[in-house]
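Heads up: the structure comes next, in structure tokens.
The values are calculated or read from the model by the stated rules, or taken from the named source; none is laboratory data. Just so it is clear, the model here is predicted, and its values are computed rather than measured. So basically every Cβ, Gly included, is an ideal-geometry build from the backbone, and we count neighbours across all protein chains shown. For the accessible areas, the whole protein counts, side chains as well, though only heavy atoms, and no ligand, DNA or RNA atoms are used. Shrake-Rupley method; radii C 1.70, N 1.55, O 1.52, S 1.80 Å.
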Amino acid sequence: MAVRLSEQSKKDLDRYTRNFVMKSLQVIVQSRMGEKFKYSTKENSTLEWFSLPIPDLQELTAVARKTLGQGPVLNEPVNVEISLKTKENNAYMFLEVWSISLDTDHCDPDVKISSTVYGRMTLALKSILCVSRVAPCYRLAQRQKKDDFQIHYQYNLGPPHLALLGEDIQTKKIAAVSTPVGTIRISLSYTTNLQMPQKPKKIDLKDDHFSTPRLGQFSEPKPCNRKFRNPTSVEDLRFLDSLEKQDTFNAMFSTSPPEGISPPLPQITEMISTLKESSLCDDKQKTAEESDPFHPYFRSAVFLQGEGKAVQVERPEDRPFASLMDGLPMPGAESSDGSPSDYLEQGAQSKEKGEEGVEKTKEEGEKGEASGSDSEGEEPDSHSPSSSDFVMLPPLEFPFADTDPTTNLGQFYREMQSAPPLTMCEHQTVQLTDYLASLKGEIDKFSATQGDYEKILKSICTDEEEQSD
Amino acid sequence: MNARTETFELNVLGGQIPEVCNSIFHTILFLRSTGKYKYKEETSYSIGPVGAKDEDCDFLDLTYTRADSDQLDLFLKGEIEKFNRALRYNESLRSGEITLTFYQKKQKRWPFSQECIPWEMWTLSLKVIHLPNEHERNAYRTNLGMAVGEKVMYITEIMSRDQYVPKNPNYSELDNVFDSSFPTVQPYLFKIEHTMQSPSSNVSTTMRKFLKDTLML
């Protein structure tokens, strides 16, 4: 039975719960990127939620905020579905479902929110971090490649759809956080049968076809790994931007821990706003440019001349299906309210400015990366405007390195530990038959010439006897 | 006060002993550590962050998370190496136990010294096995990785239960609860001990216990 909380306690609990869920979603999806992480501590840093220096990837934050909405979190269970998609088979094979839910039947009415609940959430987040590495899907995620298979994620609300995992399922309770309004439970269900469905389903027959769709299920699963990910959609960024604007002041506090750990506010405000301006604007500018196929830069690339000179045609009103694209921001639209169209406009202006604009964008990109935002910047800067040409370069991949040099070292060591197969045994069957055939011929030959050998032997023996006499 | 006790029994190949111990004990220590406390007054403090790091195992199909503290890692590896040497390089020994104990100190009146009261114990009981060929050893590498993964999941489940842990201390009491000797991480006070069992001593221990129990009746 839930207890009545004071206004401040309720506000704190809601804030902690929201941040706990957001961080959990980050940890789960980051663990399925197939990368090895090191969350390092910085000297004298106390500005980390739940005392864990886990960076927020901006795209994941945008999708999570879109899924969770702005109301109270955990009115419904929050799920992360992790699936696998191969290049050949277009179907998704669901590997695991993480579920975070609030059990209102079990409460801890006397618990202190600022210390005990916060501490329990910290422990639960660490538990998620530990379990995400030992779950079977982690090994698969480490082996994913663009041409082979990819791991995808999807956030949604509502009861977890465990039927997606098939019949062979294991469910583990990861952690439980008792609060005055209920117990937050985190569980992981995963399949133990890794068989891909043979054919993708052509028609989806649903009993709830005419009912409202599941909350938070806006789109298809997205690749976990940044290398395989499409740029964040303009819609996502617009959503994130609107939230940021409404919640700018709250967001500054939401990145700081609870009471007792409050740093000097003006410095933090200044720092965060600077980082936001640099990273957010730049990311939005880049991703919006990438996602809009009718953006001037892309049009320039389409009409690329042989000499590498771009012919720039800036007539947004002439673009095909313009009436259908009304929902998207127009590159040439004039607005000054900081909306994504502004960033697109800035992008176009920087294009016109030439190299100066390019350098500025790159600098801002580096700043954004340093702030722990979505690191799309790891890829070659193929989307940055350049006055000379617009050749899209593939992402840099090491031809002989799989994932991580240390993993390769371990693999090499194990290979060296096992005895190599003998090369002389590889074609043993062919050699043996040939040898047997030749042996038979040799025996026949020897038996045919047996008389001659005996004559030779006799002659030798008689010669020796004569000499001895 | 009775300490909570958990025991994990695992069969391992000789080369897997350090990684099995490290993966389980590092997980426990990561969960039982906080960031460094920075006291402003006797009762007012802020908590620093705890870094985390993924570690891949070479002899197990497993990756585990540990606190990002090289000093803690070094200390733990040193203790585990003593156990590894004792168990692996003594032909007569087949199994052994290594225990991670969390305790707190209680001040006693003069002239008595401080008392160490354990509140949680995690025991890892390992039996060394030998497999005849490389194929079996490779298969066991995968199986043991999964088994250790299951133990890690069990540990997280146990830890999330509402059980006794020492209260957050005041400044003067900090060293009675936490080990503040590590620069970037602050685990609860802990110690690691190991015991060895040879096949013969195992039987004798059992017999001794049996006789003792009988006589007590």
Which whole-Hz ³J(HN,Hα) couplings does segment B:181-190 yield from phi under the Karplus relation 6.51 cos²θ - 1.76 cosθ + 1.60, θ = phi - 60°, glycine and proline marked x? 7, 8, x, 10, 9, 9, x, 4, 4, 9
Note every residue of segment B:156-184 with a reduction of at least 40 square angstrom in accessible area, all protein chains present versus the isolated chain, computed with a 1.4 Å probe, or write none. B:T156, B:E157, B:S160, B:D162
Taking +1 at the Cβ of each Lys and Arg and -1 at the Cβ of each Asp and Glu, which of A:L162, A:G182, A:F149 sits farthest along the dipole of segment A:139-195 towards its positive end, judged by Cα position relative to the Cα centre? A:G182
Exposed trypsin sites (Lys or Arg not before Pro) being those in a DSSP loop with at most 14 other Cβ atoms within 10 Å, the longest stretch of chain B free of them is B:41-107
Accessible area of segment B:4-215 belonging to carbon and sulfur atoms, whole % at 1.4 Å probe: 52 percent
Using only alpha carbon positions, build the gyration tensor of segment B:4-215, then give the equivalent ellipsoid semi-axes as the square roots of 5 times its eigenvalues, largest first, whole angstrom. 33, 24, 14
Which value, in square angstrom to the nearest 100, describes the accessible area buried between chains A and B on both sides, using a 1.4 angstrom probe? 3500 Å²
For segment A:1-110, state which GluC sites (Glu not before Pro) are in a DSSP loop and have at most 14 other beta carbons lying within 10 Å of their beta carbon. A:E43, A:E88
For A:D452, the net charge from surrounding residues (Cβ-Cβ under 13 Å; K, R +1; D, E -1) works out to +2
Can you give me the accessible area per residue for segment B:4-215, using a 1.4 Å probe, in Å²? 49 Å²
Excluding B:E6 itself, calculate the net charge of residues whose Cβ lies under 14 Å from the Cβ of B:E6, where each Lys or Arg counts +1 and each Asp or Glu counts -1. -1
In units of 2.2 N^0.38 Å, what is the alpha-carbon radius of gyration of segment B:1-105? 1.29
Which residues belonging to segment A:51-69 lose at least 50 Å² of 1.4 Å-probe accessible area when the assembly is complete, relative to their chain isolated? A:S51
Shielding by partners - mean other protein chain Cβ count within 10 Å, residues of B:54-60: 5
